[in-house]
Amino acid sequence: MSKLYLVDIEGTIVKDKSFVPIEGATDWIKSFGSSPHQFALVSNNTTHRPEDLLSELKSLGFEIQKENLITCMSTTLNWIKKKGIKSCFVIGSAQLKEYLNESGIKTPSDDRVEAVLVGLDSSLDYQKLKVAVNALVKNDASLLALHSNRLYKDEKGELSPSVGAVVKALEYSCQKRAKVFGKPNLEIFREALKRFKAKSEDCIMISDDPLSDLVGAKRLGMKSVFVTSGKYKDENILKSLNKRFQPDWIYKSVKEIRI
Ligand SMILES: [Mg+2]
């Protein structure tokens, strides 16, 4: 029976933001070529356009094609297009703006927009928050978030506030709920199921984050694998997790998973 493996990137096949491949991960991905199973890398990356992320991973030796990569950026763009939204105020990277512009979505720097889109923005300032608040309250723009993670480690390994911190601030100020696309929200998993015409019960999600990624997968009835190669070095973190969200299998790294 053919399975669909959904595989997280940072902490699972590469070492966090430094993007050094985890030992054995490139060969493990390669082994899908001679197996009846399919795979998709599922990422909450908000700073690389999907095509740039794809070339970066290829340059590291990962044998992947366009269809093997699903990011919250592509999931969000698909939704924006489906809803006919033409303009967004972006709190996020230059690459995110560029990605939207390429699809004809305008990204002005004032509040006259249909949506406010939040990704990771390392140059966030008070002025941007002010424009966003005005767009949300005065112009009743929709609040969209690429994901709502709390923390991440940056390229230097320093702990930093993630997208969710900014989303919560805007939700609080404007009394609006954001529509969130990345893991653990179901939107990005649904995109994977749709793309591969797969059923949840035939999917296995593999990630270093049992609290976020694996909980989302479990909610949809997928199997889950926790790898201790990233964020968490042991199983202690699982103590805080409800029984129904416990992973089905635990491995040190992907290379131990036989496909
Ligand atoms: Mg991860």
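Here are some notes:
- Flag if ALA141 is among the aliphatic types (A, V, I, L, M), over 19 Å from the mean Cα position of the chain (by Cα), at negative phi and more than 16 Å from the ligand (Cβ to nearest atom): yes
- The residue that is farthest from the chain's Cα centre (by Cα), counting only those in the stretch 203-259 that are under 18 Å from ILE9 (Cα atoms) and assigned to a helix (DSSP H, G or I), is GLU256.
- Considering GLU171, GLU187, the condition of being outside the structural domain of THR12 (by TED's automatic domain parsing) and either without any contact (Cβ under 8 Å) to a residue 60 or more places away in the chain or away from the ligand (no atom under 16 Å from the Cβ) (or both) is satisfied by GLU171 alone.
- If the condition is being in a loop (DSSP other than H, G, I, E, B), within 11 Å of the chain's Cα centre (by Cα) and within 20 Å of ALA132 (Cα to Cα), then the stretch 177-198 contributes only PHE181.
- Scan of the stretch 1-42 for residues that are over 15 Å from VAL254 (Cβ atoms) and hydroxyl-bearing (Ser, Thr, Tyr), ordered by number: SER2, SER18, SER34
- In the stretch 144-159, the residues that are assigned to a strand (DSSP E or B) and within 17 Å of the chain's Cα centre (by Cα): LEU144, ALA145, LEU151, TYR152, LYS153
- Scan of the stretch 1-21 for residues that are away from the ligand (no atom under 11 Å from the Cβ), in a loop (DSSP other than H, G, I, E, B) and not aromatic (Phe, Trp, Tyr), ordered by number: MET1, SER2, LYS3
- Candidates LYS223, LYS231, LYS239, filtered to the one that is more than 18 Å from LEU193 (Cα to Cα) and buried (at least 18 other Cβ atoms within 10 Å of the Cβ): LYS231
- Single condition ASN44 does not satisfy, out of (1) surrounded by 14 or more Cβ atoms within 10 Å (Cβ to Cβ); (2) under 30 Å from VAL131 (Cβ atoms); (3) away from the ligand (no atom under 15 Å from the Cβ): (3)
Residue-by-condition table, conditions (1) surrounded by fewer than 21 Cβ atoms within 10 Å (Cβ to Cβ); (2) modelled with pLDDT of 95 or more; (3) in contact with a helix residue (DSSP H, G or I) (Cβ under 7 Å, 6 or more places away or on another chain):
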position: LYS3; (1), (2), (3): yes, yes, yes
position: ASP8; (1), (2), (3): no, yes, yes
position: LYS66; (1), (2), (3): yes, yes, yes
position: GLY84; (1), (2), (3): yes, yes, no
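- Test: ASP154 is within 16 Å of the ligand (Cβ to nearest atom), modelled with pLDDT under 95 and over 25 Å from LYS239 (Cβ atoms): yes
- Residue in the stretch 194-213 that is surrounded by the most Cβ atoms within 10 Å (Cβ to Cβ), counting only those that are in contact with an Asp or Glu (Cβ under 9 Å, 6 or more places away or on another chain) and either among the aliphatic types (A, V, I, L, M) or free of Cβ contacts under 8 Å to residues at least 12 places away in the same chain (or both): MET205
- Looking across ALA25, ALA40, one residue alone is out of contact with any Phe, Trp or Tyr (no Cβ under 7 Å at 6 or more places or on another chain), among the small types (Gly, Ala, Ser) and in contact (Cβ under 8 Å) with a residue 40 or more places away in the chain. It is ALA25.
The values are calculated or read from the model by the stated rules, or taken from the named source; none is laboratory data. Note that the coordinates shown come from a computational prediction; the quantities given were computed from them, not determined experimentally. With ideal geometry, Cβ positions are generated from the backbone for all residues, glycine too; neighbour counts draw on all protein chains shown.
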